[in-house]
Amino acid sequence: MIRKDDIGKLISEYPGGEDFFIVDIRVSPSNRISVFVDRMEGISIDECAKISRFIENHLDRGKEDFELIVSSPGLDAPFTVPAQYFKNIGKRIRIQLKNGETHQGKLIAVKNDEITLEEQEKKKPALRQTRKKKDKNINIKTVVYPLAEIKTARLSIEIK
C-alpha cells in the first residue's frame, strides 16, 4: 500500500516545490491518492498537472496500481494548515470554535498561533431612527482567536 508519508516526501522533492504548500494528502486503502496543494497567489490547473505527472513518474504502477488526483482545496474547503490563514488575510472568513460558537469577519492578522478578525456588530436602533442613519448602527470590533480554539475555518462566500 502506498503511504501518505511517501507521497509527502515525493512532493518535497518536486522542483519548484517551495512555491506552493501542501494542504492535505489522503491515501485510501484502495490506493486512491488525493493531493491538495495551493500557493499564496492561487495555483493553476497546469501546475497541478505538472505535480501529478511528477508524482506519477516516481511511483511504480507495476508494483502497485493507484489512482491519483492533484487539485487545489476549493473555495468551500475548510482550512487545514496555517498557510491558508496567511493566504486569506483581507478576506472574509467564517470560523466555528470548539465550544460551538460561530463568528464571521474580515481576517486582518495571523501571528503567534492566533488570528484577528474584524467583526461587525449591530447596535440596537434608536426608537425614532430614520433610514439614513441605518449605517451608523454597525460597530466594528477586533477580536483575537487562538488557532487551538478553532474547530473549523473557511472562506465566507458572499453573493452580491
Practice task
Find the Rg to Rh ratio for the chain, where Rh is the Kirkwood radius over alpha-carbon pairs and Rg uses the same atoms.
Solution key: 1.13
Practice task
Using DSSP, restrict attention to beta bridges with both residues in the range 4-71 and report what percent are antiparallel, rounded to the nearest 5.
Solution key: 55
Practice task
Report ³J(HN,Hα) in whole Hz for each residue of the range 139-150, in order, from the Karplus equation J = 6.51 cos²θ - 1.76 cosθ + 1.60 where θ = phi - 60°; Gly and Pro get x.
Solution key: 9, 9, 10, 9, 10, 9, 10, x, 4, 5, 8, 8
Exercise for the section: Using 0.36 nm per residue of separation minus the Cα-Cα distance, give me the extension gain between ALA77 and LYS9 in nm, one decimal. Expected result: 22.1 nm
Completion exercise
Rounded to the nearest 0.05, FRET efficiency between ILE159 and ASN57 (Cβ-Cβ, R0 41 Å) equals 0.50
Practice task
For ILE89 and ASN31, compute 0.36 nm times the residue count separating them, minus their Cα-Cα distance, and round to one decimal in nm.
Solution key: 17.3 nm
Problem - Only Lys, Arg (+1) and Asp, Glu (-1) charged, at Cβ; the range 1-99 dipole about Cα centre in debye - result: 500
Practice task
For n ≥ 4 DSSP H runs only, could you compute -39500 (n - 2.57) per run for the chain, divide by its residues and tell me the 222 nm figure to the nearest 500?
Solution key: -5000 deg cm²/dmol
Handout entry: Entries of LYS4/LYS63; LYS98/LYS160; LYS87/LYS111; LYS4/LYS111; LYS122/LYS160; LYS50/LYS111 with Cα pairs more than 23 Å apart
Key = LYS98/LYS160; LYS4/LYS111; LYS50/LYS111
Practice task
Average the reciprocal distances over every distinct pair of alpha-carbons in the range 4-71, invert the result, and give the Kirkwood radius in Å.
Solution key: 12.2
Fill in the blank from the handout: Taking placed amide H atoms and a strict 5 Å upper bound, the residues 5 or more places from ASP24 or on another chain that come that close are PHE36
Handout entry: Summed residue charge, Cβ within 14 Å of PRO15's Cβ, Lys/Arg positive, Asp/Glu negative
Key = -2
Problem - Residue-span extension gain [LYS50 to THR116] - 0.36 nm each, minus C-alpha spacing - result: 20.2 nm
Problem - DSSP bridge orientation in the range 1-124 - percent antiparallel, rounded to nearest 5 - result: 75
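Bear in mind these aren't lab numbers, they're just calculated from the coordinates by the rules spelled out. All values reported here derive from a predicted model rather than from experimental measurement. Here the Cβ is made from the backbone with ideal geometry for all residues, glycine too, and neighbour counts use every protein chain on show.
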